[in-house]
Amino acid sequence: MRILISNDDGYSAPGLQALVDALQGLGELTVIAPEANHSGASNSLTLSRPLTVRTVSNGFLCVNGTPSDCVHIALTGLLDQMPDLVVSGINNGANMGDDTLYSGTVAAAMEGYLFGVPAIAFSLVEKGWSNLDAAAAVARQIVERQVARPLTAPSLLSVNIPNLPLHEIKPPRVTRLGRRHPSSPVIRSSNPQGEVIYWIGPSGAAADAAPGTDFHALSEGAVSVTPLQTDLTHHGQLPRLHDWLA
C-alpha cells in the first residue's frame, strides 16, 4: 500500500506530523507538503514560476507552492509509482459546507482524485489542535477501513472530526455538505505607510445545519464523512437554459 500524504498548513504543522505518525505501519508513506501555510488556496496551481522540492529536517518533502502543486508534482513526475491512496490533513479547522470550495486541505486530496486515486481529507473542526491525538486515531481507523475494504471507484471523502477526547467521539456518519451564511465583512486597517489594507473576515455561521449535514453531525459530536465530486454542472438548470437560449 503506497500512501501519499499532504496538507495545506505547511510541512511543520502538528496536524501533518500527527497524521503521519497515526498511519505508520499501514503502508509505504511519502509526505510532500507546502513550505508555508496555504489555507484557503483552493485548487490553485503555480504557473508563473518554477517550483522547487527539498527534503526538510523532519524527512518530509517540501514544495514552495500550493497543496495542489505538491500532489500534482508527486503524481506527474516525482514518484516512480502512483500511490494507492492520497491523504490530506489533519487540518487546523473545519472544512464543512462552503469551506470545501476554498480549502487547500480538500484541494490536495482532490488533486489525487482527479488523477484517479482514492483520496481522503481530514480536518479537526476547531482551531488550536486540541485533542489532536483523538483526531489522528479517527483518521487511522478510516484509512484502515479503506485499506481493508477499498471503495470500488475513485472516491473523494471530506472527513471532519470534533475536538473531543476519543471516548466522547461518536461513530462516523455519512453526510452531505451544509451551507454557511455569507462571511463577515472585511476588516479594514492600515499599514505603517498609512495605506488602507483589508483582512478577509471570519466565515459565516451555519445556514443549513439540518439533520444529514456535516454541521449537524459535528454538533452532536460525531465524525462527518462527506463524499465529494468535481462536476459543478447544475443539471437541474439544463432544461431551463435550453429554453432560455432557444
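The values are calculated or read from the model by the stated rules, or taken from the named source; none is laboratory data. If you're wondering where the values come from, they're calculated on a predicted model, not measured in any experiment. FYI the Cβ positions are ideal-geometry reconstructions off the backbone, even for glycines, and counts take in every protein chain you see. The area values use the complete protein model at the heavy-atom level, side chains included, leaving out ligands, DNA and RNA. Shrake-Rupley method; radii C 1.70, N 1.55, O 1.52, S 1.80 Å.
Quick one: which of Asp80, Asp84 is among the charged types (D, E, K, R) and closer than 17 Å to Glu111 by Cβ? Give the derivation first.
Numbers: Asp80 fails: closer than 17 Å to Glu111 by Cβ.
It is Asp84.
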Checklist entry - Out of (1) within 30 Å of Phe115 (Cβ to Cβ); (2) in contact with a Leu (Cβ under 9 Å, 6 or more places away or on another chain); (3) open to solvent by 90 Å² or more (accessible area, probe 1.4 Å); (4) not hydrophobic (A, V, I, L, M, F, W, C), the odd one out for Thr213 is which? => result (3)
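Could you tell me whether Ile142 is more than 12 Å from the chain's Cα centre (by Cα) and open to solvent by less than 40 Å² (accessible area, probe 1.4 Å)? Steps first, please.
Values: more than 12 Å from the chain's Cα centre (by Cα): yes; open to solvent by less than 40 Å² (accessible area, probe 1.4 Å): yes.
Answer is yes for this residue.
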Checklist entry - Cβ-Cβ below 7 Å, separation at least six or inter-chain, first residue in region 69-97 and in contact (Cβ under 8 Å) with a residue 60 or more places away in the chain and closer than 22 Å to Ala139 by Cα, second among the β-branched types (Val, Ile, Thr) and assigned to a loop (DSSP other than H, G, I, E, B): which pairs? => result Met82/Val117; Pro83/Val117; Leu85/Val117; Val86/Val117; Ala94/Val125
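Open to solvent by 10 Å² or more (accessible area, probe 1.4 Å), touching a strand residue (DSSP E or B) at 6+ places or on another chain (Cβ under 6 Å) and of a type in the set (Phe, Trp, Tyr): is that true of Tyr102 in this structure? Steps first, please.
Working: open to solvent by 10 Å² or more (accessible area, probe 1.4 Å): yes; touching a strand residue (DSSP E or B) at 6+ places or on another chain (Cβ under 6 Å): no; of a type in the set (Phe, Trp, Tyr): yes.
Here the answer is no, as Tyr102 does not meet what is asked.
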Checklist outcome for this item: Inside region 114-128, the number of residues satisfying the requirement of being open to solvent by 60 Å² or more (accessible area, probe 1.4 Å) and in a loop (DSSP other than H, G, I, E, B) is 3
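How many of the residues in region 65-82 are out of contact with any Pro (no Cβ under 9 Å at 6 or more places or on another chain) and open to solvent by less than 10 Å² (accessible area, probe 1.4 Å)?
So the first thing to find is which residues in region 65-82 are out of contact with any Pro (no Cβ under 9 Å at 6 or more places or on another chain), and the list is 68, 71-73, 76-82.
The next check asks that each one be open to solvent by less than 10 Å² (accessible area, probe 1.4 Å); those that pass are 68, 71.
Looking only at that region, the number is 2.
Is it the case that Ala22 is under 18 Å from Leu4 (Cβ atoms), in contact with a Ser or Thr (Cβ under 8 Å, 6 or more places away or on another chain) and not basic (Lys, Arg)? Steps first, please.
Working: under 18 Å from Leu4 (Cβ atoms): yes; in contact with a Ser or Thr (Cβ under 8 Å, 6 or more places away or on another chain): no; not basic (Lys, Arg): yes.
When the stated conditions are applied, Ala22 does not pass them.
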